[in-house]
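Below is one structure; the comments refer to it alone.
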Amino acid sequence: MNAPREPGVQTPILDLAADFPILSRPVHGRRLAYLDNGATTQKPAAVIEAEARFYRESNANIHRGVHWLSQHATELYDGARATVQRFLNAARADEIVFTRGTTEAINLVAQSWGRPRLAAGDEILLSTMEHHSNIVPWQLVCEQTGAVLKVIPVQDNGELDMAAFEGLLGERTRLLAITHVSNALGTVNPVAEMTRRAHAVGAVVLVDGAQAVAHQAVDVQAIGCDFYAFSGHKLYGPTGIGALYGRAELLRHMPPWQGGGDMIRTVAFDNTTFAPPPQRFEAGTPNIAGAIALAAAIDYVQAVGLARIHAHEQALLDYGTRALQDIPGVRLVGTAQDRAGILSFLVDGIHPHDLGTILDAEGVAIRAGHHCAMPLMTRFGIPGTARASLGLYNGLADLDALVAAIHKAQALFGTRGGTAPCTGRAA
Ligand code: PLP
């Protein structure tokens, strides 16, 4: 059970680990403290069962068969789309395109929206804290079109430099591609405000929601963005499925980016016509079971309540931040005012990879490295960090296990009692 340990620390309110079968398996003979939710989340029994049930009871290809099973599978798949629509508060179900995940969603926008529209000298604005998935697709499209990247700098505390952002916006800005939550620092960016500013100069806005959707309610109409991308596997759903929200007005005018079955209206050797969105962007047999299990994950998260999940994780974040700051020699990287459940840190004298290995032997699973955010690591002058990332099933015991394992690592390396101050400045 979770209980407050220190005065002033909010109390975590959820106790849901029992819903997640994998969390009861020991690792290296220890109780598993799974703190790598930024990489991928574990799945509740309800999601595992939804995927298995589809194959047991409903499996058939969709949009093709006249037989009952095919129609049944199609209804389930279309129902999953409606679930994602409600989850993001999109205005219409046909604004939701199923993809393999965030990466594919961003590549879709780069190739279908960006490539036909961008020209030499056009500017794509992104930030130093982007995941490689929100950098490389734009670099590719820049090579293809002559557009150029402009980069919003990050301040020492891990927040965006908003004055610099204002200065970079201009009449050549065609697109703002910005992460909602930084996977490496946890910084929550003011995406609604940034969208408003970008729209004022006529730019289109894509928000990378990979690290946001599991931690706070997202309303794409309130944000006002044109595109929003996320991955199911970071939301307690399966791998290989995610979604792109795109405003109907934009999707309608975007050409296909992959050709194949299910995305056409008619095919002839001299002329092929395409289906309307979202089918136009879903060539081939999609991940039907994945979409249905993603809908089950959304149902699960919504039954718990995103407001409660947020409150729970903020309490854990508070507790973890204080606990890490209390360890001499530990430095937090990223101390933004508004942070989602990520603790990125360095331990003096211990390389993050060595730390990760020692923690693993104690049953504590974290991520160590550059977190697919190499430009951000370069900005802070470090090769990487250790990252503990929170999920709704974590409790204070997981953070206590993390702290105990860090002490053990310091003892092993003979670095216990280092003197580095906790400034939030990593280098
Ligand atoms: N964007 C962010 C902020 C991420 O954290 C990640 C994955 O860690 C991605 C994009 C890519 O997600 P996926 O690999 O599921 O496509």
Evaluate E = 1/(1 + (r/R0)^6) for T272 and R86, where r is the Cβ-Cβ distance and R0 equals 51 Å; express this FRET efficiency to the nearest 0.05.
0.90
Can you work out the FRET efficiency for the pair Y55 and I13, with r the C-beta to C-beta distance and R0 = 35 Å, to the nearest 0.05?
0.50
Residues other than R416 with Cβ under 11 Å of its Cβ, Lys/Arg counted +1 and Asp/Glu -1, net out at 0
Cβ-Cβ cut-off under 15 Å around A110, Lys and Arg +1, Asp and Glu -1: the net charge is -3
Enter the accessible area per residue of the stretch 172-299 (Å², integer; probe 1.4 Å; all protein chains in place).
33
How far, in nm, would the chain grow between A248 and D161 when pulled straight, counting 0.36 nm per residue and subtracting the alpha carbon separation?
28.2 nm
Residues of the stretch 1-128: accessible area per residue with a 1.4 Å probe, Å²:
48
Under 12 Å from the Cβ of P21, count the other residues' Cβ atoms, weight Lys and Arg +1, Asp and Glu -1, and hand me the total.
0
From DSSP H assignment alone, runs of 4+ in the chain each adding -39500 (n - 2.57), the sum over residues rounded to the nearest 500 puts [θ] at 222 nm at -10500 deg cm²/dmol
Pairs of Cα atoms under 8 Å, at least six residues apart: use those to get the relative contact order of the stretch 47-302, whole percent.
25
With a 1.4 Å probe and all protein chains left in place, how much of the accessible area of the chain comes from carbon and sulfur atoms, in whole percent?
53
Counting other Cβ atoms within 10 Å, keep those with at most 10, restrict to DSSP loop, and tell me which GluC sites (Glu not before Pro) in the stretch 125-193 are left.
E171
All lysines inside 19 Å of K234 as judged from Cα atoms, apart from same-chain residues fewer than 8 positions distant
K43
Relative contact order of the chain (C-alpha contacts under 8 Å, at least 6 apart) in percent is 23
Which whole-number percent gives the relative contact order of the stretch 134-184, counting Cα pairs below 8 Å spaced six or more residues apart?
28
Placing each pseudo-label 7 Å from Cα in the direction of the beta carbon, W68 and V27 end up separated by a distance in nanometres of 4.5
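The values are calculated or read from the model by the stated rules, or taken from the named source; none is laboratory data. Just so we're clear, the structure is a prediction, and the values are computed from it rather than from any experiment. Heads up, the Cβs are rebuilt from the backbone with ideal geometry, glycines too, and the neighbour counts pull from every protein chain shown. Calculation scope for accessible area: heavy atoms of the full protein, side chains included, ligands and nucleic acids excluded. Shrake-Rupley method; radii C 1.70, N 1.55, O 1.52, S 1.80 Å.
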